[in-house]
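Heads up, the thing below is written out as structure tokens.
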Amino acid sequence: MEYRNLEHVGFEELFAGFQRAFSDYDISFGKEEVRSMLRRRGYDPRLSFGAFDGGEMVAFTFNGIGKYDGRPTAYDTGTGTVKEYRGQGIAGEIFRHSLPHLRDAGIEQYLLEVLQTNQRAIGVYCRMGFEVTREFDCFRQSVDEISGLRVGEEMRHACEIIPVDVETVAAMSGFCDFAPSWQNDLSSIERGAADLVCLGAYMEGEAAGYCVFDPTTCDLTQIAVAQEWRRRGVGRLLLAKALEGMRTNFVKILNVDSEDVTLPAFLAGHNIPLASRQYEMILPL
């Protein structure tokens, strides 16, 4: 088995390996969805690694590189092993192989997210020295099942919703009640700006709220309303506008800080239920 970085592995080969690794899972990823995921999460092929058997990639870890909480960070953007090669410790060997390269590149911590139901993986990460830093809630619903979006005509005319740029989103980011996760933060939005739609809501010429979403992947990346404009219908109008722009029949909102109460209450009010929970875990390097 050969372990090396993915600098010279093209996207088509990456995608083929990704498909093979997840072929027996009850999920599917389109080519453009994977391309967008890698771009938004900061994938760096020089600091991402795979296991190759006879020249064929049989396992991989795609690492995103950037800053998180002000520190140079590597983020597990995607890890997979082809079914026939599982149970051999290959993923762990890829991780161990990557550590000196990440440290040499100045990376100070390794960040990942794991489903809270995946106790086996959590145990492995804990033994490696990872610690839980936050808990995240994830929500998902079919568009047809979402309710409570109607607002009065007066509010509909008073609230102007227009496309905005990333700089405007950054200026309004303080409306959010918690620090977004790696895949939803401002750096991710900047990297994926070409794939995303950013909308701003304005009341009486004043910034009242915003949302960011990916029409292709149905990901509602961020949605927030200024404190003084909450419970007026601004959030409902933003959500309705985002749903109109989705090219899928469902929407997902990932990694809401579990200590936040405002956004989950808003989602529950529109029949968007909790789908899963994750741990955010960090290993200092």
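The values are calculated or read from the model by the stated rules, or taken from the named source; none is laboratory data. Just so you know, these numbers come straight off a predicted model, no measurement behind them. Positions of Cβ are backbone-derived with ideal geometry, glycine not excepted, and every protein chain shown enters the neighbour counts. Note: areas computed on protein heavy atoms with side chains; ligands, DNA, RNA excluded. Shrake-Rupley method; radii C 1.70, N 1.55, O 1.52, S 1.80 Å.
Summary table below
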{"read-out": "1 or more residues of a type in the set (Asp, Glu) and either open to solvent by less than 10 Å² (accessible area, probe 1.4 Å) or closer than 30 Å to ARG35 by Cβ (or both): qualifying strands (runs of 3 or more DSSP E) within segment 190-233", "value": "206-214, 219-225"}
{"read-out": "Flag for SER181 being out of contact with any His (no Cβ under 6 Å at 6 or more places or on another chain), within 20 Å of GLY70 (Cα to Cα) and polar (S, T, N, Q)", "value": "yes"}
{"read-out": "Segment 54-69 residues that are at pLDDT 95 or above and open to solvent by 10 Å² or more (accessible area, probe 1.4 Å), paired with ones that are assigned to a loop (DSSP other than H, G, I, E, B) and of a type outside the set (D, E, K, R) (beta carbon under 6 Å, 6 or more apart)", "value": "ILE65/GLY42; GLY66/GLY42"}
{"read-out": "Single unsatisfied condition, ARG150 versus (1) under 21 Å from GLY70 (Cα atoms); (2) touching a residue at least 60 places away in the same chain (Cβ under 8 Å)", "value": "(1)"}
{"read-out": "Considering residues of segment 99-139 that are modelled with pLDDT of 95 or more, open to solvent by 40 Å² or more (accessible area, probe 1.4 Å) and in contact with a Leu (Cβ under 9 Å, 6 or more places away or on another chain) only, the residue nearest to ARG236 (Cα to Cα)", "value": "THR133"}
{"read-out": "Candidate set from segment 249-285 (those that are open to solvent by 40 Å² or more (accessible area, probe 1.4 Å) and part of a loop (DSSP other than H, G, I, E, B)); member that is farthest from LEU220 (Cα to Cα)", "value": "LEU285"}
{"read-out": "Tabulated pairs, segment 165-188, first over 23 Å from ALA265 (Cα atoms) and open to solvent by 40 Å² or more (accessible area, probe 1.4 Å), second small (Gly, Ala, Ser) and in a helix (DSSP H, G or I), C-beta under 6 angstrom, 6+ apart or interchain", "value": "LEU186/ALA170"}
{"read-out": "Of all residues in segment 234-248 being in a loop (DSSP other than H, G, I, E, B) and either within 30 Å of TYR125 (Cα to Cα) or not charged (D, E, K, R) (or both), the one that is least open to solvent (accessible area, probe 1.4 Å)", "value": "MET246"}
{"read-out": "Extreme residue, most open to solvent (accessible area, probe 1.4 Å), among residues of segment 140-153 that are closer than 17 Å to MET246 by Cβ and among the acidic types (Asp, Glu)", "value": "ASP144"}
{"read-out": "Residue check, VAL9 among the aliphatic types (A, V, I, L, M) and part of a helix (DSSP H, G or I)", "value": "no"}
{"read-out": "Members of segment 28-41 found to be closer than 19 Å to LEU186 by Cα and either among the hydrophobic types (A, V, I, L, M, F, W, C) or crowded, with 22+ Cβ neighbours inside 10 Å (or both), listed by number", "value": "MET37, LEU38, ARG40, ARG41"}
